[in-house]
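What follows is a set of notes on a single structure, which appears directly below.
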Amino acid sequence: MPLWPVYTGTNAPHDGIERLPPPPPWRAFDGGPLLDPPDAAADRSAVSPDRVHRAETYRATEDTVQLVNAALYLRRPLLVTGPPGTGKSSLVYAVARELRLGPVLRWNITSRSTLHDGLYSYDPLSRLYAARQQAAHQAAPQETGPAETGPEAPDETGIEHHLRLGPLGTALLPYARPRALLIDEIDKSDLDLPNDLLNVLEEGQYQIPELVRAARLTPDGTARVAADGTGEAVPVVRGQVRCRAFPFVVLTSNGEREFPPAFLRRCVTLRLRRPDDGHLADIVRAHLGEPDAYAQELIGRFLDRTGAGDLATDQLLNAIYLARTSNLDTGSLDQLAERLMPHLGQSAQTDVF
């Protein structure tokens, strides 16, 4: 039977993703050959301790749970917008942990990022170097004689040895269950990138021209290419990559730009807002334990200040942590908190309670 919600926001890992109902007919994919999902236990070795902690302590709102499930059911990317410090990037780690989707693939966007960067990279210079090394090794027996010949060097002149799939390219491999992909700060991209993503995210597939051309030289047209993350070699048939289970894709944005309507209609959109006092207390409790009287006071100050400018939840957690672990008196703690919680983009010296 189908399960709603698949993602519960409870942070308790489970295999509910296996009871996800079939996709809508217009979002069905049939890529192959089918690949086994990565080991969920690899999360801790593939992700920094900071990301593991955030995944374990993330506190999802009801709206977040509903829209994550909508994206999973519809096989659509989730565009998460909101002010800095509201947990946009932490969400994908929390979902991947709960649903056992394996290590999160991450693509950090800059103004120079292109679609090609996310799909794969090819290094022709390393291939040229490998060809020269191979030629030198083959010539060695003629110069030194058979008696001095060493073990035969592996042939690494094939294109596949110098290709590596990017995070988006890896996420679209035909895995048996969805991979989790974070495309972080999409609003920093060049104006063309959102439009360039349209066809790839809509079709769930892409082509590697270098392998298409080389496919005629191999009996079955299959090349083994390193995937993002672990570098594991995966089969790519005739240069075509098509997903089987559409990945759980989270694109984050600070809301600093508008996106094309064609891009927006292909996404499920979630806007994260500043947490209220109850939600903040839950966040503090998850990270640092039950908030004491001084922590409650800092939560109140934090909320009072959010009306005058942007603040990040991390700033509040930093102040509460130091209040608990230092031996400063209350007056010194107040001064320290003032310096730890300036409005973002402003100087701590000019920002006061």
To the nearest 0.05, how large is the calculated FRET efficiency for residue 265 and residue 132 if R₀ is 45 Å and r is the Cβ-Cβ distance?
0.35
Please determine, in degrees from 0 to 90 and to the nearest 10, the orientation of helix 330-340 with respect to the longest principal axis defined by the Cα atoms of the chain, where the helix direction is its Cα long axis.
40
Using Cα pairs under 8 angstrom and six or more residues apart, how large is the relative contact order of the range 277-340, in percent?
29
Kindly put 302, 29 in sequence by how many other C-beta atoms sit within 10 Å of each C-beta, fewest to most.
29, 302
Provide the per-residue ³J(HN,Hα) series for the range 256-273, in order, calculated from phi with Karplus coefficients 6.51, -1.76, 1.60 and θ = phi - 60°, each as a whole number of Hz, with x at glycine and proline positions.
8, 8, 8, 10, x, x, 4, 6, 5, 6, 8, 10, 8, 9, 10, 9, 8, 10
Taking the convex hull of the Cα atoms, report for the chain its projected area averaged over all directions, in nm².
24.1
294, 7 arranged by Cβ crowding within 10 Å, fewest neighbours leading:
294, 7
The chain - percent relative contact order, Cα under 8 Å, separation 6 or more:
22
Would you be so kind as to identify which of 38, 263, 108 lies farthest towards the positive end of the dipole of the chain, taking Lys and Arg as +1 and Asp and Glu as -1 on Cβ and the Cα centre as origin?
263
Using only Cα atoms, tell me the angle between helix 88-99 and the longest principal axis of the chain; keep it within 0 to 90° and round to the nearest 10.
70
Working from Cα positions, state the angle (0 to 90°, nearest 10) between the long axis of helix 313-325 and the longest principal axis of the chain.
70
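Values quoted throughout were computed directly from the atomic coordinates according to the rules given, and no laboratory measurement underlies them. Bear in mind the structure is a predicted one, so any value in this text is a computation, not a measurement. Cβ atoms come from the backbone with ideal geometry, glycine included; neighbour counts cover every protein chain shown.
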